[in-house]
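One structure is given here, and the rest of the page talks about it.
Where a number appears in this text, it was derived from the coordinates with a stated rule and is not lab data. Because the structure is a prediction, the values reported are computed rather than measured. Neighbour counts are summed over all protein chains in view; Cβ atoms, including those assigned to glycine, are modelled from backbone coordinates with ideal geometry.
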Amino acid sequence: MGEVAALGAALGMVVCSISFEAAGKKVGSLTVNIMRLLMGFGFLSITALYTRGMPLPLDASMRSYTFLGISGFIGMFLGDLFMFEAFVVLGARITTLIMTLVPVVTALSAWLILGETLSPREILAVLLTVGGIFLVMYTKGSGGGREKSFPLRGILCAAGGVLGQALGMVFSKMGVESYDPIAATQIRIVVAIVAFILLITFRRRWGEVADGLKNRGAMKWIGVGSFFGPFLGVTAMLIALKNASAGIVSTISSTSPVLVIPFSVMIFKDRVSPAEVAGAVISVGGVSLFFL
């Protein structure tokens, strides 16, 4: 059950990234971010009511509120803001591949903040993962022999997404302790929602959000992504962690860059070269080696 649930979490991330890319191209990443958080919080509240008997996380300690709040701001606000902009600029396939760096950067951040160390095998995993990403980013397309162009803005957004999510995980580890993971996710989402509301207000973008709400096609994509990402994906990950080791779960759930390729080809008609496939396999192999 644990291994199947971990695969379900990886598939949830695939559907989530594809859905948010499609929605972002219609209404922009800012609208996608605020709406998927609101929808995700609704799904999680229903789950919390069923599993905990209370829809809101009112029983957390001050330490949990503090560190989970920091995690929500860094990971689900700043990190996701950059990541979803990268979905629009680079596409789900390349962005998701770059996001395979999250486990590696998380470990490096944990080493700096929490004092955790890296073994020689883990250092090798870092090199393999980065090498696989570079192979995909600098490979030539299957048609025309011209090198693919990856805008610097998209690369910087993806890098910001990696750093934000990695630091968010470290602070989550410091705040969750023995607290319920679903309720902990709710705390992170609430902080992110408040931050996005302030950002949209400061940038005077509520008109853009209102226009986005009128786009039924985009709202359907956001609904699908919110259901499979913050809701089913998180739930599947929790089931997996209860029934399998963290290393196995991390390895299986990190296969989303490989799984996203056929979906990206079918939906967006992307062309994938053998070198890109090899790069995806190498990067995921590096992550696998990192956790095994």
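Annotation for the stretch 97-130 versus the stretch 146-215: alpha-carbon center distance of 21 Å. Rounded to the nearest 20, the size of the Cβ-charge dipole of the chain about its Cα centre is 780 debye, with Lys and Arg at +1 and Asp and Glu at -1.
Let's test the formula: R0 of 25 Å, r as the Cβ-Cβ distance of VAL277 and GLU3. What FRET efficiency results, to the nearest 0.05? So the FRET efficiency works out to roughly 0.60. What trypsin sites (Lys or Arg not before Pro) does the stretch 181-233 have in DSSP loop regions with at most 13 other beta carbons within 10 Å? For trypsin sites (Lys or Arg not before Pro) across the stretch 181-233 that sit outside H, G, I, E and B with at most 13 neighbouring Cβ atoms in 10 Å, the list reads ARG203, ARG204, LYS214. Answer with a single label: of [x] 1.03; [y] 0.97; [z] 1.39, which was calculated as Cα Rg over 2.2 N^0.38 Å from the structure in view? The listed entry that was calculated here is [y].
Pairs of lysine residues in the chain that meet both criteria, 8 or more places apart or on different chains and Cα atoms under 21 Å apart, total 12. 3J(HN,Hα) along the stretch 64-76: 5, 4, 5, 6, 5, x, 4, 4, x, 5, 6, x, 8 Hz, from the Karplus curve 6.51 cos²θ - 1.76 cosθ + 1.60 with θ = phi - 60°, whole Hz, x for Gly and Pro.
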